[in-house]
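Asks: Sharing a structure with you now.
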Amino acid sequence: MNTISYNKFIDEAMKNARETDTPISGCFELTPLCNLDCKMCYVHLTDPTVRERMLSGDEWINLMGQAIEHGMMKALLTGGEAMTHPDFREIYMYLIEQGVPVQVKTNGILLNNDMIELFTEYPPYIVDVSLYGCDGESYIAITGHDVFETVTTNIRAAIEAGLHIRLAITPSAYMLPWVDKIMEYSKTLGADDVNVNAMLTEANPDTDRRMEDFGLSLEENARIHRKQWEMFPRKPKSQTEEEAEFMGEIPEDEPHILPKGLYCNGGRTGFAINWDGTMGPCLVFPRDVICVDVKKVGFDAAWREVNRGVKEYEVPEECKTCSHNTKCHYCPRQHKSVAAKRLCDNAACGWCKLQADIAEEYRAN
Ligand code: SF4
Ligand code: SF4
Ligand code: SF4
């Protein structure tokens with residue numbers, strides 16, 4: 001019998017799915033609630049009425065069932081803190097029982113012995129754990145809570161149990177005093193991989209957080225990015241993970257521009273459903289460009305609308321003549337405030353160009 005790796009299988013499935021408009025990958029933001037309160041968080045809400053407005057476990061399971069009928073083959077559970085959803089276990093087990101590989105994103109606090117036991121018996125294909133500090137002081141400054149020991153003890157226990165753990169570091173203005181130490185510390189934990197997020201997401205309006213407060217300057221971002229290249233030389237990341245999955249398909253010197261539509265797979269092979277039941281091409285896609293109330297119209301109509309919206313979206317004229325259009329792919333999320341007008345955000349373009357140039361520098365050396 002011929003066998004291929006899971007990643008190769010997913011690559012092939014992705015190509016077919018794009019041609020056939022099949023949503024093989026689903027992202028579910030189970031809740032905007034969280035047991036931390038990070039100062040750069042784009043989603044976390046504290047409004048108590050959220051609990052009444054959140055989808056229940058049964059509602060999520062129903063939507064996931066419809067997604068599976070439409071071809072969903074992998075799922076991401078995220079939040080807020082996904083594990084704080086009261087029905088997290090039921091939702092997780094539903095996907096496992098349906099044979100859907102699950103990726104879980106967590107801040108690690110609830111990755112305790114009980115959860116590790118469940119995951120050991122019914123493994124997710126990966127657990128992404130955010131690492132926000134290298135000691136109690138940094139954790140308090142960034143997340144508002146001293147959970148350093150809890151999180152790192154849980155990470156070590158999960159690795160010891162054989163789970164596939166990937167760490168995620170999100171540099172922000174609040175992390176600046178510790179960011180190098182955190183990157184260094186992350187390497188000591190023994191995780192399978194470490195991702196350093198290259199770009200922050202503009203906070204949702206109802207969070208009361210603002211990029212002006214937590215964002216990094218171009219210089220700070222560049223310094224961290226260079227440090228990241230030095231520390232994780234085989235993990236260059238100049239694009240989002242979703243982009244990276246598809247960018248390999250574009251010849252090096254060809255502009256990342258289609259007459260209509262986007263190059264990434266958001267809305268083409270994957271979808272995201274936010275905590276309030278809104279479907280978009282990906283979790284952070286600007287809602288004033290594309291979003292559909294999936295609770296109202298059902299999965300089929302929502303997916304068709306999202307897919308159509310993405311295929312018809314036209315990137316800004318500016319991209320067509322940009323010197324970096326063979327390295328940069330317009331991502332509406334990065335230009336969130338102006339994406340509905342099909343414009344570029346100058347700050348986002350500046351950072352994209354610099355990232356591409358830094359990547360070039362390091363590739364040349
Ligand atoms: S752990 Fe994640 S979801 Fe929770 S507050 Fe921090 S960034 Fe937001
Ligand atoms: S729109 Fe941007 S964030 Fe969303 S999937 Fe595409 S590249 Fe990724
Ligand atoms: S840098 Fe800006 S203008 Fe250039 S391709 Fe990227 S998004 Fe378009």
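Asks: Which condition does L77 not pass, out of (1) among the aliphatic types (A, V, I, L, M); (2) closer than 27 Å to K311 by Cα; (3) part of a helix (DSSP H, G or I), if it passes all the others?
Replies: For L77, the exception is condition (3).
Asks: I need the full set of residues from the stretch 97-118 which are free of Cβ contacts under 8 Å to residues at least 60 places away in the same chain, more than 16 Å from ligand 2 (Cβ to nearest atom) and under 21 Å from the mean Cα position of the chain (by Cα), in order please.
Replies: Across the stretch 97-118, the qualifying residues are V100, V102, V104, T106, G108, L111.
Asks: Scan the stretch 349-362 and give yes if some residue there is within 16 Å of ligand 2 (Cβ to nearest atom), out of contact with any strand residue (DSSP E or B) (no Cβ under 6 Å at 6 or more places or on another chain) and under 30 Å from A67 (Cα atoms), otherwise no. Before the answer, list the steps.
Replies: First pass over the stretch 349-362, keeping only residues within 16 Å of ligand 2 (Cβ to nearest atom): 349, 351-352, 355-356.
Keeping just the survivors that are out of contact with any strand residue (DSSP E or B) (no Cβ under 6 Å at 6 or more places or on another chain) gives 349, 351-352, 355-356.
Of the ones still in play, those that are also under 30 Å from A67 (Cα atoms) are none.
Checked against the condition, which is being within 16 Å of ligand 2 (Cβ to nearest atom), out of contact with any strand residue (DSSP E or B) (no Cβ under 6 Å at 6 or more places or on another chain) and under 30 Å from A67 (Cα atoms), the stretch 349-362 yields no hits at all.
Asks: Next up: W303: surrounded by 18 or more Cβ atoms within 10 Å (Cβ to Cβ) and in contact with a His (Cβ under 7 Å, 6 or more places away or on another chain), yes or no?
Replies: Numbers: surrounded by 18 or more Cβ atoms within 10 Å (Cβ to Cβ): yes; in contact with a His (Cβ under 7 Å, 6 or more places away or on another chain): yes.
So W303 passes the test.
Asks: Failed condition for G162, given (1) modelled with pLDDT under 95; (2) of a type outside the set (V, I, T); (3) surrounded by fewer than 17 Cβ atoms within 10 Å (Cβ to Cβ), with all others met?
Replies: (1)
Asks: OK, next. For the stretch 350-361, give me each residue that is in contact (Cβ under 8 Å) with a residue 40 or more places away in the chain and surrounded by fewer than 16 Cβ atoms within 10 Å (Cβ to Cβ).
Replies: G350
Asks: Any idea which of I10, I4, I68 is more than 18 Å from the chain's Cα centre (by Cα), surrounded by fewer than 21 Cβ atoms within 10 Å (Cβ to Cβ) and touching a residue at least 12 places away in the same chain (Cβ under 8 Å)?
Replies: On the way: I10 fails: more than 18 Å from the chain's Cα centre (by Cα); I4 fails: touching a residue at least 12 places away in the same chain (Cβ under 8 Å).
Of the residues listed, the single one that is more than 18 Å from the chain's Cα centre (by Cα), surrounded by fewer than 21 Cβ atoms within 10 Å (Cβ to Cβ) and touching a residue at least 12 places away in the same chain (Cβ under 8 Å) is I68.
Asks: Kindly provide the set of residues from the stretch 326-349 that are buried (at least 18 other Cβ atoms within 10 Å of the Cβ) and either aliphatic (A, V, I, L, M) or more than 9 Å from ligand 3 (Cβ to nearest atom) (or both), ordered by number. Show your work before the answer.
Replies: Quick first cut of the stretch 326-349, residues buried (at least 18 other Cβ atoms within 10 Å of the Cβ) only: 327-336, 339, 344, 348-349.
Within the stretch 326-349, P332, R333, K336, A339, A348 qualify.
Asks: Just to be sure before I move on: is I91 touching a helix residue (DSSP H, G or I) at 6+ places or on another chain (Cβ under 9 Å), modelled with pLDDT of 95 or more and not in a loop (DSSP other than H, G, I, E, B) in the structure I sent? Please lay out each step first, then the result.
Replies: On the way: touching a helix residue (DSSP H, G or I) at 6+ places or on another chain (Cβ under 9 Å): yes; modelled with pLDDT of 95 or more: yes; not in a loop (DSSP other than H, G, I, E, B): yes.
So I91 passes the test.
Asks: Please list, ordered by first then second residue, the pairs with beta carbon atoms under 8 Å, 6 or more apart or interchain, first in the stretch 311-325 and under 12 Å from R342 (Cβ atoms) and within 6 Å of ligand 3 (Cβ to nearest atom), second among the β-branched types (V, I, T) and assigned to a loop (DSSP other than H, G, I, E, B).
Replies: Hits for this filter: C319/I257.
Asks: Right, something else. When you scan the stretch 52-63, do you find a residue that is surrounded by fewer than 20 Cβ atoms within 10 Å (Cβ to Cβ), within 28 Å of F148 (Cβ to Cβ), out of contact with any Lys or Arg (no Cβ under 9 Å at 6 or more places or on another chain) and modelled with pLDDT of 95 or more, even just one?
Replies: So far as the stretch 52-63 goes, no, none of its residues is surrounded by fewer than 20 Cβ atoms within 10 Å (Cβ to Cβ), within 28 Å of F148 (Cβ to Cβ), out of contact with any Lys or Arg (no Cβ under 9 Å at 6 or more places or on another chain) and modelled with pLDDT of 95 or more.
The values are calculated or read from the model by the stated rules, or taken from the named source; none is laboratory data. Predicted, not measured: the structure shown is a model, and the values here were computed from it. Neighbour counts run over all protein chains shown; Cβ positions are idealised from the backbone, glycine included.
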